[in-house]
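A short write-up of the structure that comes next.
The values are calculated or read from the model by the stated rules, or taken from the named source; none is laboratory data. Every value quoted in this text rests on a predicted model; they were computed, and no experiment measured them. Here Cβ is always computed from backbone atoms with ideal geometry, including for glycine, and neighbour counts include all displayed protein chains.
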Amino acid sequence: MFWTFAAFLLVVASVAYYLGSNKASQIAKQDISLHSRPGFHGAYVAILAAGPALLFITAWAMFWPSLMQSMVIAKMSDQVAALSKPELQAFLRDAQAIAFGGIVGFTDAAKEQAAQHFASYNQLGLTVEIAILALFVIGGGYWSFQRISPQLRSRHTVERTVMWVLIVCSAVAILTTVGIVLSLIFESFMFFRKVPVLDFVFGTHWSPQSAFEGAGAEHTETNTKIFGAIPLLAGTMLITLIAILVAAPIGLLSAIYLSDYATSTVRAIVKPVLEILAGIPTVVYGFFAALVVAPFIRGWGEQIGLSVSSESALAAGLVMGIMIIPFVSSLSDDVINAVPQSLRDGSAGLGATKSETIMKVVLPAALPGIVSALILAISRAIGETMIVVMAAGLAANITANPLEAVTTVTVQIVTLLVGDQEFDSAKTLAAFALGLLLFCITLALNIFALRVVKKYREQYD
Amino acid sequence: MAIDMANTTSETNAAPVAQDAHSASVSTATSKIKMRGQDVCVYYGDKQALFDVNLDIRQNHVTSLIGPSGCGKSTFLRTLNRMNDTIDICRVEGDITLDQENIYDPSIDVVELRARVGMVFQKPNPFPKSIFENVAYGPRIHGLAKTKTDLEEIVATSLQRAGLFNEVKDRLDEPGTGLSGGQQQRLCIARAIAVSPEVILMDEPCSALDPIATAKVEELIDELRENYTIVIVTHSMQQAARVSQRTAFFHMGNLVEEGNTDDIFTNPNDQRTQDYITGRFG
């Protein structure tokens, strides 16, 4: 129903626009100068005719169904009083399905009766909605239409409306982020009621699969000593370090080549290829790491007499490094290109060679951007999941040896949530706590990156 | 490296050529020719930008290149230290000599050439480094200073010659980009002086500056003439008349006329020069 009304309001708006601008044009034809151009008057009428009505039907669509449910529950209070909350929900679902069509679990007399209530309330609601809608459309439309006059400052109203539409749109993105963060915090809080924060953040033992068999713990109680996040953080750091050791030099040097040395033909070929590298799904990188790189490293390690586990941090880190090369190179390339040609000319004019110019003028000038590119790549590596799930393993080791298996925060979140879980067990909630931890780390990195950029940013002109 | 180290000392009176540099009306026909362009043609791709330009640059003179936009004066200036090499599609024909040596000869190292023929650009382009580092940049890459004290001396001398030292001596470690436009341009001149060039090319050095800063830079150019040979591209005829002893008028890629500045501005031979300097076109 909402969409029908919305479409109707679209028509209303077009008509109102036409009428409004037409009336304004008529005034203008009599050689009276208008404050706003006819188009603004048209938009003014359209906004007042359709805007409030649109807000109304949106609010109605949001609140009417639950209002209808509570009215039905009030009517049926005798029959539903005994039902528990899930039962009541099932009851209402079935009743609505009977009334409006849908898949019905099973029917009984009470549900049939409730369905009838639903149907009649729905009918009533529709009538009321249409009546109010018409009131808004006609009232707003008429009021604004008869206000059209040479003095009417409709341009300001229209501009302000545009601003509000823009504000609402940007608010959606912000509110979504806030919502996600809040739910992370809330669920993590639930987790920290079961497991002390310090045990989680500074604990060195991670094996949540044995949550209920921990030594010395009651059968039903949570063993708080097995939720130590340090091994996961250590694994994440190790793999990220390897990845950045691979990606930073390769990405940066290729960016320098692309921006300052490559001919335009080479550039036209290499840049898209690098972007293809960025387009490969991470799952492909994942099995590439697990099936090609890891066995290769293992075979190579055995040849020179090292013991390499089949899922090594090195394999995951190398492949992750390859994955983030395009990030580093493409972002650094942009930054290096943004260094003005005049600085390069100035350096060349003093007799500096190309590499001297790049080392001593271009790179220092581009440094803040390069640092932020690297930090963005690092936060990307920290949050990366698929490669490490496939190639890094599950063993929560604290080690600096890249040939051993380690596990990461993201891998453990996946492991905790795969399969059937209770939503309120410490094991499941631990995933939220890990998510919050991850969020905090990447947030800190991003803030740090912004800081660096701000502090060292150079005004070029 | 063919750089006269005497230029880096603070004794400005140790200039290599003793000549009455302050007199604009000095007879220039007899002075030494520092650079010479013979039949210089420049092409950007298929388009020819300069047609058989023959121009002599005299030592310890200021030579100004004037002409309407797109006439090829900047292009000619940039051929003098091979800055056009950085443009892929640009091709230079003809001979350009510096002290009778062809600078487009394969045996010439462009790095050394640019150390001898420095350049100051239209827009001040200080590096995003400290004032000190901006000036020390050239001496560092050419290894001109043996010790830190040497380097500091070169920087101080260069800043003094560029008339900037007193304004910045207390804040040499502050970023060069924080200076005002005029100060930035003088910093760029100091930066060019620091490698002890023999010739300084200036591509409209005052076009981004206000009149006061322009006056300072012009005064500076006149002082620098004692020790350096200067070629300046300018759109301002007053500026050309004020600072230069020789003037060359370019039009549509051709060198129309060149001669003593006084002659060009009072008694031009060519109708086009006459029209341009009286403001009838351009």
Got at least one residue in the stretch A:296-317 being surrounded by fewer than 20 Cβ atoms within 10 Å (Cβ to Cβ), in the same structural domain as A:Leu434 (by TED's automatic domain parsing), in contact (Cβ under 8 Å) with a residue 24 or more places away in the chain and under 26 Å from A:Ile370 (Cβ atoms)? no
Given the structure, is A:Val371 more than 14 Å from chain B (Cβ to nearest Cβ) and part of a helix (DSSP H, G or I)? yes
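Determine which member of the set A:Ser329, A:Ser379 is hydroxyl-bearing (Ser, Thr, Tyr) and buried (at least 22 other Cβ atoms within 10 Å of the Cβ).
The conditions single out A:Ser329.
Just to be sure, is B:Thr214 in a helix (DSSP H, G or I), away from every other protein chain (no Cβ under 14 Å) and over 12 Å from the mean Cα position of the chain (by Cα)?
Against the criterion (in a helix (DSSP H, G or I), away from every other protein chain (no Cβ under 14 Å) and over 12 Å from the mean Cα position of the chain (by Cα)), B:Thr214 qualifies.
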Of A:Gly346, A:Gly299, A:Gly317, A:Gly351, which residue is within 14 Å of chain B (Cβ to nearest Cβ), part of a helix (DSSP H, G or I) and not charged (D, E, K, R)? A:Gly346
Of all residues in the stretch A:1-20 being crowded, with 22+ Cβ neighbours inside 10 Å and more than 37 Å from the chain's Cα centre (by Cα), which is farthest from A:Phe100 (Cα to Cα)? A:Gly20
Output the residues belonging to the stretch B:139-161 that are crowded, with 18+ Cβ neighbours inside 10 Å, away from every other protein chain (no Cβ under 14 Å) and part of a loop (DSSP other than H, G, I, E, B). B:Ala145
Given (1) out of contact with any Pro (no Cβ under 8 Å at 6 or more places or on another chain); (2) away from chain A (no Cβ under 14 Å); (3) of a type in the set (Ser, Thr, Tyr), number of the condition B:Tyr228 does not satisfy: (1)
Give me a count of the residues in the stretch B:64-106 that are of a type in the set (Ser, Thr, Tyr) and touching a helix residue (DSSP H, G or I) at 6+ places or on another chain (Cβ under 9 Å). 4
Which residues, counting only those in the stretch A:306-360, are in contact with a helix residue (DSSP H, G or I) (Cβ under 8 Å, 6 or more places away or on another chain) and of a type in the set (S, T, N, Q)? A:Ser307, A:Ser309, A:Ser310, A:Ser312, A:Ser329, A:Ser330, A:Ser332, A:Asn337, A:Ser347, A:Thr353, A:Thr357
Over the stretch B:118-133, the set of residues more than 9 Å from every other protein chain (Cβ to nearest Cβ) and among the aliphatic types (A, V, I, L, M) is B:Ile131
Can we say B:Ala136 is part of a loop (DSSP other than H, G, I, E, B), under 30 Å from B:Gly182 (Cβ atoms) and more than 9 Å from chain A (Cβ to nearest Cβ)? no
List pairs: first residue in the stretch A:82-111 and free of Cβ contacts under 8 Å to residues at least 12 places away in the same chain, second residue among the aromatic types (Phe, Trp, Tyr) and surrounded by 15 or more Cβ atoms within 10 Å (Cβ to Cβ) anywhere in the structure, Cβ distance under 9 angstrom, at least six positions apart or on different chains. A:Leu83/A:Phe91
Against the definition (of a type in the set (Gly, Ala, Ser), within 26 Å of the chain's Cα centre (by Cα) and within 30 Å of A:Gln341 (Cα to Cα)), how does A:Ala268 come out, yes or no? no
So in the stretch A:240-279, with the set limited to residues that are within 15 Å of A:Arg380 (Cβ to Cβ) and either acidic (Asp, Glu) or modelled with pLDDT under 90 (or both), which one is surrounded by the most Cβ atoms within 10 Å (Cβ to Cβ)? A:Leu277
Which members of the stretch B:69-88 meet the condition of being among the aliphatic types (A, V, I, L, M) and either under 23 Å from B:Lys34 (Cβ atoms) or not in a loop (DSSP other than H, G, I, E, B) (or both)? B:Leu77, B:Leu80, B:Met83
